[in-house]
């Protein structure tokens with residue numbers, strides 16, 4: 001693999017691992033609270049809204065935020081770097097040599113035969 005491509009791929013893996021870690025930690029923290037401290041999650045913040053419901057919404061919001069961070073990073077940084085690497089790796093357009101075949105003229109549609 002080309003070093004420039006490996007560098008860009010490494011950046012993608014690092015950000016993906018960090019954001020995955022954030023999401024996994026958030027989700028499993030919530031699940032562990034559900035498993036081991038149901039009483040705390042059942043406590044009411046306001047009538048009709050428990051701590052567990054608020055934290056559940058928080059997990060969903062964290063997922064949206066993590067996704068938004070990745071999309072923003074990919075659109076502003078990753079795509080531009082990857083395009084640059086592609087331009088560097090593409091071979092230059094070669095000038096046609098003496099044996100190059102010119103583009104054929106467009107073929108005309110067959111005319112209708114009249115009797």
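Scanning the stretch 12-51 for residues that are touching a helix residue (DSSP H, G or I) at 6+ places or on another chain (Cβ under 7 Å) and either in contact (Cβ under 8 Å) with a residue 40 or more places away in the chain or under 26 Å from residue 80 (Cα atoms) (or both) yields a count of 5. Take the conditions out of contact with any strand residue (DSSP E or B) (no Cβ under 9 Å at 6 or more places or on another chain) and touching a residue at least 60 places away in the same chain (Cβ under 8 Å) and apply them to residue 70. Does it pass? Taking the combined requirement at face value, the residue does not satisfy it. Here 6, 63 are screened, and the one residue that is surrounded by 10 or more Cβ atoms within 10 Å (Cβ to Cβ) and in contact (Cβ under 8 Å) with a residue 12 or more places away in the chain is 63. The sole residue among 77, 68 that is out of contact with any helix residue (DSSP H, G or I) (no Cβ under 7 Å at 6 or more places or on another chain), at pLDDT 95 or above and closer than 30 Å to residue 11 by Cβ is 68.
The values are calculated or read from the model by the stated rules, or taken from the named source; none is laboratory data. Owing to the predicted nature of the structure, the values given are computational and were not obtained by experimental measurement. We place every Cβ from the backbone using ideal geometry, glycine too, and count neighbours over all the protein chains shown.
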